[in-house]
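Colleague: Below: one structure in structure tokens.
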């Protein structure tokens, strides 16, 4: 049953040397940098940590991040674990879902599994090798998380030491394995890789909401945490009590799910699943009569999902508006980030008590005809614009994915021009750049009206402006992606590197004038900072023109180049 599994594992690890390495390096590096950022800049002392923890005593926020660690442990390790443990676990889950589906159901769809089965390989060798590959990847990730957490927390003065860091890293590895096993199970149950991914992400979402329910009401619903691997992960209380036994439950869940996946694989036929596929229509609808309609059919679920995610994110941010003044006044980092672009930061005495800083801050902002909630909405608009840029890049990059999978070639064999084909993805991406930030603005507005003492401070018009003012910059990122797909299809990943640079350049450029030049070489650096600056329509027109030019050049190269050179 498992013949030559180790050889297949070695082969899969070779295929993963770029993809999984990129995932792990990115996650571990970001984790380390965020530890340093929070410990050295955001909350450098116990008082600021305790104040931030007190602000988190809100059921909606606890549903987002996890259970509130005891206020008796106002340390950076406890706070960072509270803020990032679950989210890093989700990221590990996403990486493992893609890894397993890529090596099981996706390979089966492409005919690779049948080729392997023609060789002396056991019936369960492929899925077993995929799980062994996941074990190796997660062990490496866990070790690197352990080392970076140990070094990072030592740098910021957390007293817990290596044991807590080892628990953190082990938790990341364990949670990755449980979602690898979930993906392996749905890869056997579903008839397509798209179905396997969908079911796996639905399971991830269900586990997240079960944990959220447990953390919102730990007294009556806390037991629900042990029905979710994310809930069990947070119950390790890393950097507080360092409880190891929940990891055994997580690994046990992974083992049982993996065994079930092996059993399903052993009884099903090749190219078949246990969940019957929904029968399609006998004839395609009107949408499928055009290239754009086909592209929309391929991306519609993702478009709706991104809109819903940003809407819910806007709702979640609205719950902190009541405590915004106290939080900003008591935190030097966020005060620099929000008030730095106004040029008014020097007029506030940072050494004064928090109550006095609130009075000074409101007086200075009122004199400049500004408000703290509008500055907060502007900051959220920036972060949401960066998040909304991700689907813009992804939707256009899908043209490359369809070409690499050999499906675009079938379409080009019909009377469909290459430009019409890729323009469909461009239109979907550019329209999504408008719809997704709009959803975030509407979500923030819907609950802000009840959360604010004076709802007029945050009108819907201002929220829409703060969200949509970044659309031309997002279009430039989309145009750059079109250019890479058309001219350098093997280098499309470069756009993600530029995107990452843009995020950090903008974030630090907002706080430190000395680094403002870094933001000027990104499209986001030319976007006006509302409400401090007026919208310069000439600048907006130039940004839009650059986006159109990049898109046009990319379309020209795409039309002229050969297909299947990706």
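Colleague: Could you please find all residues in the range 142-163 being assigned to a helix (DSSP H, G or I) and without any contact (Cβ under 8 Å) to a residue 24 or more places away in the chain?
Modeller: Those that are assigned to a helix (DSSP H, G or I) and without any contact (Cβ under 8 Å) to a residue 24 or more places away in the chain: 147, 150, 154, 162.
Colleague: Restricting to the range 108-130, and then to whatever is part of a loop (DSSP other than H, G, I, E, B) and in contact (Cβ under 8 Å) with a residue 12 or more places away in the chain, can you tell me which residue is nearest to residue 179 (Cα to Cα)?
Modeller: Once the filter is applied, the top-ranked residue is 124.
Colleague: Inspect all residues belonging to the range 131-141 and state whether any of them is within 22 Å of residue 37 (Cα to Cα), part of a helix (DSSP H, G or I) and under 24 Å from the mean Cα position of the chain (by Cα).
Modeller: Taking every residue of the range 131-141 in turn, at least one turns out to be within 22 Å of residue 37 (Cα to Cα), part of a helix (DSSP H, G or I) and under 24 Å from the mean Cα position of the chain (by Cα).
Colleague: In addition: When you scan the range 1-17, how many residues do you find that are surrounded by fewer than 16 Cβ atoms within 10 Å (Cβ to Cβ) and at pLDDT 85 or above?
Modeller: Selection size over the range 1-17: 8.
Colleague: Which numbered condition trips up residue 473, out of (1) more than 28 Å from residue 294 (Cβ to Cβ); (2) at pLDDT below 90; (3) part of a helix (DSSP H, G or I); (4) touching a helix residue (DSSP H, G or I) at 6+ places or on another chain (Cβ under 9 Å)?
Modeller: (2)
Colleague: In the range 225-246, which residues are surrounded by 18 or more Cβ atoms within 10 Å (Cβ to Cβ) and either at pLDDT 95 or above or part of a loop (DSSP other than H, G, I, E, B) (or both)?
Modeller: Listed by number, the residues that qualify are 228, 235, 236, 237, 238, 239, 240.
Colleague: Right, another one. Could you give every pair whose Cβ atoms fall below 7 Å, whose first residue belongs to the range 484-511 and is not assigned by TED's automatic domain parsing to the domain that holds residue 392, and whose second residue is modelled with pLDDT of 80 or more and surrounded by fewer than 14 Cβ atoms within 10 Å (Cβ to Cβ), counting only separations of at least 6 or pairs across chains?
Modeller: Matching pairs, first to second residue: none at all.
Colleague: Here is a follow-up. Filter the range 223-243 for residues that are within 21 Å of residue 79 (Cβ to Cβ) and under 20 Å from the mean Cα position of the chain (by Cα) and give the result.
Modeller: Once the filter is applied, which keeps residues that are within 21 Å of residue 79 (Cβ to Cβ) and under 20 Å from the mean Cα position of the chain (by Cα), the range 223-243 yields 230, 231, 233, 234.
The values are calculated or read from the model by the stated rules, or taken from the named source; none is laboratory data. Note that the structure is predicted; figures quoted are calculated from it, not measured. No Cβ is skipped: glycine too gets one built from the backbone with ideal geometry, and neighbour counts run over all protein chains shown.
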